[in-house]
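> Can you keep this structure in mind? I'll have questions shortly.
Quick note: the coordinates plus some simple rules give every number you see, no bench work behind them. Here the structure is a predicted model, which means the values were calculated and not measured. Every residue, glycine as well, gets a Cβ built from its backbone with ideal geometry; the counts of neighbours run over all protein chains shown.
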Amino acid sequence: MAETTLKLAVVGPCRTGKTLLCRAMAEQPILLGEMAYQPTAAVRIQEISRVLGVDRVKVQFWDCSGSVQYQSYWPVLAKELDGLLLVIDPSRADQERELETFYRNFAEPNNLYTRQCMVMAVQVQKEGGGLGGWQGLQGGLKKLSQSYVAINPNNPAAGVQEAYSHLDILFQGALQSKKEALESSYMNQEDSQPYERRDSRGMKASAGPPNPLSLATPIKMAERGGERGAFSRGFGDRGRGDRGRGRGGRRARGKKDDEEKWVPCTKLGRLVQQGKIKSLEQIYLFSMPVKEYQIVEFFLGSALKDEVMKIMPVQKQTRAGQRTRFKAFVVVGDSNGHIGLGVKCAKEVATAIRGAIISAKMSVVPVRRGYWGNKIGKVHTVPTKVTGKCGSVTIRLTPAPRGAGIVAARTPKKVLQMAGIEDCYTCSRGSTKTLGNFVRATFTALAKTYGFLTPDLWRESKYTKAPFQEFTDFLAKPQVTEAKEYA
């Protein structure tokens, strides 16, 4: 059963429960309290898998920020949408004008049908169902389907089931529209082929006798002289070398299967795939560079989570004017002693986030944890005082007693949580509003935790062979890969 990917934008005013709803649907922990509220920086992406009848879909929830300071990102985030979910707070009034703004910026550019859009009122910390005094929208958006969901952060399971009962209708509408768009695209491709008169043998009708060479398989040469020599750009037949003619950048079938199958291109990747290397710590022990992000995914798997810290526009002055690109800062971690930071700049937000995630996975480093006093229970804090610096920002991490929590600003607190630190005191100075430097300084401090040799690490060194030396015979054999045939 093939899996179809649906891109669903979750938009609405600030503090309406968009992030809470997405995290509950993705079965991620929900932060409680006023201090735990962290506004979305441009976008957060959550993925879930769902079975709709005979179809299996992977839904990407694009949790977009409702702040007007990120309004310039909306055209980029709204590209190739398959559905739209408008989230409102039923206890607040006068939200219809804001919802109409979101609808104009996200639904109308993609020509979404009514079945692809839904308005959902999210009530937080309320038991039971019912509209709770909310009478629904009465303006121009009353044509859209409207639903109500009550989510208790302490026990979100009941609210998630109620949300799925409504969202499955939205998923069905988005999936049906996507299928119709693909069928229309294929029909347009067939109709675009020119009609040619042929005789009874299937040859082109001509006045003279047929050319004997034409009975063989025709050789397609470049139809646009002086561009690519004898290699065609796939004009009309979606050949290799170009994207062909279809409806706006849709993915070709079968590409997902190729992406899921990992074919290592480095010696370290081959050893990992064949099970010669058992853990990431063995890689760190011999200081082997990681050049493939699949190596980290192989060991950490689903425990590795990513978080977009910030997306900021950067500009370059050229002769043609200013060239704007987007810079993404992404942190990945398993909350169990591994943390990575990635930075990527690209023309589109999605491309920048994807590249930053890959860069962060390849830069994952181990984080040493320890105790504040007696060594009772599990490790919970940094073992020693460590300092990290980037630009003008300096941050100092100090061990804290169990139960103290993470005493830090929002930016380093998130990084420390993803590294698995439960208790820590912090002290920072410099221009901490520069979030990129603040994140990198925290990451540098955590990477230094294994740079201090405490007495409990004073052990007799036992020298062993490096993996490249131990498995020399295996690496000398040629790598066998599956051959692919192209029609």
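> What is the packing order of peptides 267-276, 413-422, taking the mean over residues of other C-beta atoms within 10 Å and listing the highest first? It would help to have the intermediate numbers written out before the result.
Details: 267-276: 17.4, 413-422: 22.2.
Per-residue mean Cβ counts within 10 Å order the peptides as 413-422, 267-276.
> Once you keep just the Cα pairs under 8 angstrom separated by 6 or more residues, what percentage relative contact order results for region 288-366?
Values: 155 pairs, mean separation 23.1, N = 79.
Relative contact order of region 288-366: 29 percent.
> I've got another one for you. Explain nothing, just compute: Karplus ³J(HN,Hα) = 6.51 cos²θ - 1.76 cosθ + 1.60, θ = phi - 60°, for every residue of region 453-466 in order, whole Hz, x for Gly and Pro.
Calculated HN-Hα couplings, in order: 8, 7, x, 5, 9, 7, 10, 6, 6, 10, 7, 10, 6, 5 Hz.
> Of L397, G370, A409, which is farthest towards the positive pole of region 363-472's charge dipole, taken about the Cα centre with +1 and -1 on the beta-carbons of Lys, Arg and Asp, Glu respectively?
So the residue furthest toward the plus end is A409.
> Out of residues 5 or more away from R56 or on other chains, whose amide H comes under 5 Å of its own, with H placed 1.01 Å from N in the peptide plane?
Correct list: T4.
> Which order do the peptides 344-350, 67-73, 431-437, 390-396 take when ranked by the mean count of other beta-carbon atoms within 10 Å per residue, highest first? Please list the in-between numbers first.
Numbers: 344-350: 16.9, 67-73: 13.3, 431-437: 15.0, 390-396: 18.9.
Top to bottom by mean Cβ count within 10 Å: 390-396, 344-350, 431-437, 67-73.
> Another question about this same structure. How big is the gap, in Å, between the Cα center of region 335-389 and the Cα center of region 35-74?
Each part's Cα centre sits 23 Å from the other's.
> With the crude spin-label approximation of a point 7 Å out along Cα→Cβ, what separation in nm comes out for S279 versus A93?
6.1 nm
> Expressed in nm to one decimal, what extension gain is obtained for the pair Q71 and N155 from 0.36 nm per residue of sequence separation less their Cα-Cα distance? The partial results should precede the final answer.
Numbers: separation 84, 0.36 × 84 = 30.24 nm, distance 3.37 nm.
So the chain would gain 26.9 nm between Q71 and N155.
> With a 10 Å radius around each residue's Cβ, average the other Cβ atoms per peptide and rank 460-472, 93-105, highest first. Let's see the in-between values first.
Details: 460-472: 10.6, 93-105: 15.2.
Answer by packing, highest mean first, reads 93-105, 460-472.
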